[in-house]
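Quick notes on the structure that follows.
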Amino acid sequence: MWAELLPVGRSASSGGYRRFAWNSADAECRAWFEEQARARGLTYELDRNGNQWAWLGDPTAPGAIVTGSHLDSVPDGGAYDGPLGVVSSFAALDELRARGAEFDKPLAIVNFGDEEGARFGVACIGSRLTAGVLSPEQAYELRDADGVRLPDAMEKAGYDPAAIGADDERLARIGAFVELHVEQGRYLTEQHPVGVASAIWPHGRWRFDFHGEANHAGTTRIEDRRDPMLTFANTVLSARKRAKLAGALATFGKVAVEPNGTNAIASLIRGWLDSRAADEPTLTALVEEIRQAAYERGERDGVRVELTRESYTPVVDFDGPLRDRLAKRLGGVPVLPTGAGHDAGILASAVPTAMLFVRNPSGVSHSPAEHAEEADCLAGVAALADVLEDLACQ
């Protein structure tokens, strides 16, 4: 399975992946998921929001145990973030069948669409729509960098955007959701290649618009300039300093420049801030400090600054009894928080959810250098099989 997925959407120049929502690489990944489901005799289903499901047992019965993750990527992302969870889910089912496990609850494997938000700027769109966290009206307004609307992209890919929206009936049939994911950090050790998640830090994305005045780079005097690049650069440095003081995280990882000419002073800089903290008061205060720094510098530079919150996820504490049950079943593995968002975090408000992490020796994620050793991946499959057996079998 892993070998089949590796070449899909991989850039020859960077070695990273470009599997974005509703593009050709995404379509190949979706076709692969359906093939895996049908090869195992599972009932394949596409829900109203474009998420894929593979069912063992009655999809309409209550108390289903669901596992899975996502197959899309960030720009030039790694091979493991998302796909490891989906591949491991199919492998765990194979392991349970080899054990002769007898299921007394329906089991489903899911591939949630557009988890990374790489194309339309909002993370976890598939699970957000399903949980009602993102409304159809909000989704219809999302556009990619080329101005393509989300519903138009879905329709071009052969899906019906008119059907998207909250899926309360489906969520009511889920007894628990367990997502396996590569660790995005470096906390697990060789002695403990698998861990259980305790919580997800609150996090969000904010867009800063710095409005200046376009002009000639070679003829405009310094004192006559209204250069938004200066305000933006100062804001980036301020974000780093304030995040470090707060024990939090703040990253400007995406920027758009207009008119984007080498010999032109920019008229507009758009910079996207990703910020995360251990608690919501710290995160709120941090973003406000960054905003204030941007506005103050903008006044000095003659630049108007606007701030728009594009997405926000409050702190997620995973279901306590389920988390403790997983940790006990796996023999007291480490229980640790994470600063990364996941579909499991979105669904946590509607169904009991938990997460397993597989050791990442490099600690690198969202990069081609992302890696997990095969032995650790197999340990993750065994752990997921043990958990699913405990939850779904007699």
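The values are calculated or read from the model by the stated rules, or taken from the named source; none is laboratory data. This one's a predicted model, so the numbers in the text were calculated from it and none came from an experiment. Neighbour counts run over all protein chains shown; Cβ positions are idealised from the backbone, glycine included. Ligands, DNA and RNA are stripped out before the accessible areas are found, and what is left, the full protein with its side chains, is counted by its heavy atoms. Shrake-Rupley method; radii C 1.70, N 1.55, O 1.52, S 1.80 Å.
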| query | If you check ILE290 against the conditions, is it of a type in the set (Val, Ile, Thr), closer than 27 Å to VAL315 by Cα and modelled with pLDDT under 95? | reply | no
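Can you pull out every residue in the stretch 157-195 that is assigned to a strand (DSSP E or B) and farther than 23 Å from ALA61 by Cα?
Hits for the stretch 157-195 are LEU180, HIS181, VAL182, THR189, HIS192, VAL194, GLY195.
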| query | Which number in (1) under 30 Å from GLY9 (Cα atoms); (2) surrounded by fewer than 22 Cβ atoms within 10 Å (Cβ to Cβ) marks the one condition that PRO314 misses? | reply | (1)
| Pair list, Cβ under 6 Å, 6 or more apart: the stretch 378-391 residue at positive phi, other residue aromatic (Phe, Trp, Tyr) and open to solvent by 20 Å² or more (accessible area, probe 1.4 Å) | none
| task | Working only within the stretch 196-245, note down all residues that are part of a helix (DSSP H, G or I), within 24 Å of the chain's Cα centre (by Cα) and in contact (Cβ under 8 Å) with a residue 12 or more places away in the chain. | result | VAL236, ALA239, ALA243
| request: Need at least 1 residues that are surrounded by fewer than 20 Cβ atoms within 10 Å (Cβ to Cβ) and without any contact (Cβ under 8 Å) to a residue 60 or more places away in the chain per element, so show me which strands (runs of 3 or more DSSP E) inside the stretch 1-85 make the cut, counting only ones lying wholly within it. | output: 43-46
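Here's the yes/no breakdown for (1) aromatic (Phe, Trp, Tyr); (2) on the phi > 0 side of the Ramachandran plot; (3) modelled with pLDDT of 95 or more:
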position: VAL8; (1), (2), (3): no, no, yes
position: ALA21; (1), (2), (3): no, no, yes
position: ARG30; (1), (2), (3): no, no, yes
position: GLN36; (1), (2), (3): no, no, yes
position: ASN51; (1), (2), (3): no, no, yes
position: TRP55; (1), (2), (3): yes, no, yes
position: GLY68; (1), (2), (3): no, yes, yes
position: VAL87; (1), (2), (3): no, no, yes
position: LEU96; (1), (2), (3): no, no, yes
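So is ASP114 among the charged types (D, E, K, R) and touching a strand residue (DSSP E or B) at 6+ places or on another chain (Cβ under 7 Å) or not? It would help to see each step written out before you state the result.
Values: among the charged types (D, E, K, R): yes; touching a strand residue (DSSP E or B) at 6+ places or on another chain (Cβ under 7 Å): no.
So ASP114 fails the test.
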| said: Step by step: first the residues of the stretch 103-156, then only those that are without any contact (Cβ under 8 Å) to a residue 40 or more places away in the chain and assigned to a strand (DSSP E or B), then the one that is least open to solvent (accessible area, probe 1.4 Å). Which residue is that? | reply: ARG149
| request: Return yes when ARG205 is open to solvent by 30 Å² or more (accessible area, probe 1.4 Å), modelled with pLDDT under 95 and of a type in the set (D, E, K, R) and no when it is not. | output: yes
| Residue count for the stretch 173-197, restricted to those that are surrounded by fewer than 19 Cβ atoms within 10 Å (Cβ to Cβ), modelled with pLDDT of 90 or more and in contact with a helix residue (DSSP H, G or I) (Cβ under 9 Å, 6 or more places away or on another chain) | 1
| query | Which one is least open to solvent (accessible area, probe 1.4 Å) among residues in the stretch 157-172 that are small (Gly, Ala, Ser) and in contact (Cβ under 8 Å) with a residue 40 or more places away in the chain? | reply | GLY165
| request: Could you tell me which of the residues LEU322, LEU286 is more than 20 Å from ALA248 (Cβ to Cβ) and crowded, with 17+ Cβ neighbours inside 10 Å? | output: LEU322
| Residue check, ASP376 part of a helix (DSSP H, G or I), at pLDDT 95 or above and open to solvent by 20 Å² or more (accessible area, probe 1.4 Å) | no
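Out of curiosity, is PRO368 within 17 Å of the chain's Cα centre (by Cα) and open to solvent by 60 Å² or more (accessible area, probe 1.4 Å)?
So PRO368 fits the description; yes.
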| Going by the conditions given, is GLY57 farther than 16 Å from ALA153 by Cα and of a type outside the set (Phe, Trp, Tyr)? | yes
